[in-house]
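Everything on this sheet refers to the single structure shown next.
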Amino acid sequence: EAQVTQNPRYLITVTGKKLTVTCSQNMNHEYMSWYRQDPGLGLRQIYYSMNVEVTDKGDVPEGYKVSRKEKRNFPLILESPSPNQTSLYFCASSYSGSPYNEQFFGPGTRLTVL
Amino acid sequence: GENVEQHPSTLSVQEGDSAVIKCTYSDSASNYFPWYKQELGKRPQLIIDIRSNVGEKKDQRIAVTLNKTAKHFSLHITETQPEDSAVYFCAANAGGTSYGKLTFGQGTILTVHP
């Protein structure tokens, strides 16, 4: 089944404890992206990747890191999480090395930072 | 950077009526404008998109119009049904070499009353 998976789906952590949210797609997609969703603010792009080893900042990259060592994986790293990073996070992928095609979203990861 | 404003934030209609959601963008070099629908507790899904070389696009009950001069685009849903109830997001990509960057509007909560 073609899909985007994220793990974990739910996470409660404390300020300053490094964490990684994994994202994997099995569709051989070139483009991958991370978003956070907050009430009243909609979806905001954190980082995106046009292909392996190519990453770039979205609108809200501060406090996050990403890497794209393999085509299928695009992990999101929070080196020192803070309460303002409490949010619902979505990973997405699309076929080409651009967003000009449908983005397929993962199921979301709900993160709470205490 | 790109700024996308979406209105209204909430929209309530009777079944069978039409619904219109409007978005404005700031980057004149933007050339891709997707619309996503997110049902309660679900992930966003693309419903329609338009590129800057097209003024209007239709898909059954859904249409999108683009006015590049005024830098605004709109989603039109005709003959609304209760299953159209969801949050709708517009988005625009950045121009130039950052064309992979997507900025979303704040979202519109559409409620269709039977």
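The table below gives the values:
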{"item": "Filter pass, A:ASP38 being touching a residue at least 40 places away in the same chain (Cβ under 8 Å), of a type in the set (Asp, Glu) and closer than 27 Å to B:VAL87 by Cα", "result": "yes"}
{"item": "Residue selected from the range B:82-93 under the condition assigned to a strand (DSSP E or B) and not aliphatic (A, V, I, L, M), by the criterion farthest from the chain's Cα centre (by Cα)", "result": "B:ASN93"}
{"item": "Where a residue in the range A:9-23 is assigned to a loop (DSSP other than H, G, I, E, B) and its partner, wherever it lies, is among the aliphatic types (A, V, I, L, M) and surrounded by fewer than 15 Cβ atoms within 10 Å (Cβ to Cβ), with Cβ under 7 Å and at least six apart", "result": "A:VAL14/A:LEU114; A:THR15/A:LEU114"}
{"item": "Scope the range B:90-112; condition closer than 14 Å to B:HIS72 by Cβ and within 7 Å of chain A (Cβ to nearest Cβ); matching residues", "result": "B:GLY105"}
{"item": "Residue in the range A:6-29 that is farthest from the chain's Cα centre (by Cα), counting only those that are within 22 Å of A:VAL113 (Cα to Cα) and of a type in the set (S, T, N, Q)", "result": "A:THR15"}
{"item": "Test: residue in the range B:25-40 that is crowded, with 18+ Cβ neighbours inside 10 Å, in contact (Cβ under 8 Å) with a residue 40 or more places away in the chain, among the aliphatic types (A, V, I, L, M) and under 25 Å from A:ASP38 (Cβ atoms)", "result": "no"}
{"item": "Considering residues of the range B:26-45 that are out of contact with any Lys or Arg (no Cβ under 8 Å at 6 or more places or on another chain) and not in a loop (DSSP other than H, G, I, E, B) only, the residue farthest from B:HIS72 (Cα to Cα)", "result": "B:GLN38"}
{"item": "Residue tally, condition over 10 Å from the mean Cα position of the chain (by Cα), farther than 18 Å from A:VAL52 by Cβ and not acidic (Asp, Glu), over the range A:62-87", "result": "10"}
{"item": "Where B:GLU79 falls short, out of the listed (1) over 15 Å from B:ASN31 (Cβ atoms); (2) part of a strand (DSSP E or B); (3) away from chain A (no Cβ under 14 Å)", "result": "(2)"}
{"item": "Residue satisfying condition, being within 11 Å of another protein chain (Cβ to nearest Cβ) and under 10 Å from the mean Cα position of the chain (by Cα), within set B:PHE73, B:PHE33", "result": "B:PHE33"}
{"item": "Members of the range A:1-24 found to be surrounded by fewer than 22 Cβ atoms within 10 Å (Cβ to Cβ) and either of a type in the set (Asp, Glu) or closer than 18 Å to A:SER96 by Cβ (or both), listed by number", "result": "A:GLU1, A:ALA2"}
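Every read-out reported here was derived from the displayed coordinates using simple, explicitly stated rules and does not represent laboratory data. In this text the structure is predicted, and so the values were computed from the model without any measurement. Cβ sites come from the backbone with ideal geometry, for glycine too, and all protein chains shown count toward neighbours.
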